[in-house]
1. Which percentage, to the nearest 5, of the DSSP beta bridges contained in the chain is antiparallel?
2. Can you compute the charge dipole magnitude of region 112-220 about its Cα centre, using +1 on each Lys and Arg Cβ and -1 on each Asp and Glu Cβ, nothing else charged? Give it in debye, rounded to the nearest 20.
3. Below 15 angstrom from the Cβ of N63, what's the summed charge of the other residues (Lys, Arg +1; Asp, Glu -1)?
4. Of L145, A43, P123, which is farthest towards the positive pole of the chain's charge dipole, taken about the Cα centre with +1 and -1 on the beta-carbons of Lys, Arg and Asp, Glu respectively?
5. Find the percent of Cα-Cα distances in the chain that exceed 27 Å, and round it to a whole number.
6. Compare K85, K159 by solvent-accessible area with a 1.4 Å probe and give them largest first, with all protein chains kept in place.
7. In nm, to one decimal, how far is the I90 label point from the K172 one, both placed 7 Å along Cα→Cβ?
8. Mind checking which of F61, A109, T19 is farthest towards the positive end of the chain's charge dipole, using Cβ charges of +1 (Lys, Arg) and -1 (Asp, Glu) about the Cα centre?
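The values are calculated or read from the model by the stated rules, or taken from the named source; none is laboratory data. Nothing here was measured: the structure is a model prediction, and the numbers come from that model. When we count neighbours, we look across all protein chains shown, and the Cβ atoms used for this are built from the backbone with ideal geometry, even at glycine. These area figures cover heavy atoms from the full protein model, side chains too; ligands, DNA and RNA do not enter into them. Shrake-Rupley method; radii C 1.70, N 1.55, O 1.52, S 1.80 Å.
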Amino acid sequence: MGHLKYRWRLLRPRLLSGTMYIVVRGICSTIRFDMRNVPKDDAKLIFCGWHGRSFAFSDYFRNRGWHVIISHSSDGEMQNRIFGKLGYKIIRGSTGRGGVRAAVEAIRALKVGGTMAMTPDGPRGPSGVVQGGVMLMAQKSGAGLIPVGISARPRLMAKSWDRYILPLPFCKCLMIFGEPLFVPLKATDEEVEVVRLQLEREIHRLEQLAEAELGFRAPA
């Protein structure tokens with residue numbers, strides 16, 4: 001029995017990732033995208049949107065050679081395969097295992113003009129809170145942090161920690177991009193915290209704008 005469970009853990013990412021890729025591409029091929037204030041030049045930028053809103057974003061910006069960081073967990077292995085099929089460059093690591101190595105690799109890629117797509121509150125949360133890793137990458141690389149607010153209607157919302165949104169076929173997806181924020185190389189911890197909070201507030205603000213335009217009420 002133990003051997004079968006081990007085999008399933010190995011096979012699960014391979015089997016399910018193909019199905020999930022078909023689901024992502026199938027749904028997103030029907031979505032009506034409304035994109036606002038998208039940067040004309042994406043070099044040396046870190047796009048930042050909340051973990052629960054990443055479904056449509058990951059498909060829309062596929063096949064551009066952008067970098068994403070994916071954990072070494074079993075779920076991460078499945079994401080690794082899906083994002084690879086979507087044409088992203090994968091950096092393995094997280095705030096846990098492989099975190100330092102992943103940050104160094106990301107900084108190196110950004111310094112030479114690469115682009116990152118990040119969920120700054122993932123992969124474990126708390127939801128809607130910018131973690132320190134993305135700030136370190138921005139500070140050491142000089143890359144700009146681009147806040148992104150995303151909404152979709154109609155949709156399903158999971159009861160997960162990030163309230164993950166699954167856009168339904170033929171929905172409208174609105175993405176609003178903010179102006180870049182920068183972290184000076186020699187910024188103090190207090191100065192980094194100012195930018196971190198500014199990024200966090202801006203993602204929330206843009207998301208609330210997108211939600212309101214699609215007819216959703218702000219949570220009480």
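1. Of all bridge pairs located within the chain, approximately 35 percent are antiparallel.
2. Numbers: 12 positive and 12 negative charges, 96 e Å.
Roughly 460 debye for region 112-220.
3. On the way: positive: R25, R62, R64, K85, K89; negative: D42, D59.
In short, +3.
4. P123
5. The proportion of pairs with Cα distances above 27 Å equals 31 percent.
6. Greatest to least solvent exposure: K159, K85.
7. 3.6 nm
8. Final value for the positive-end residue is T19.
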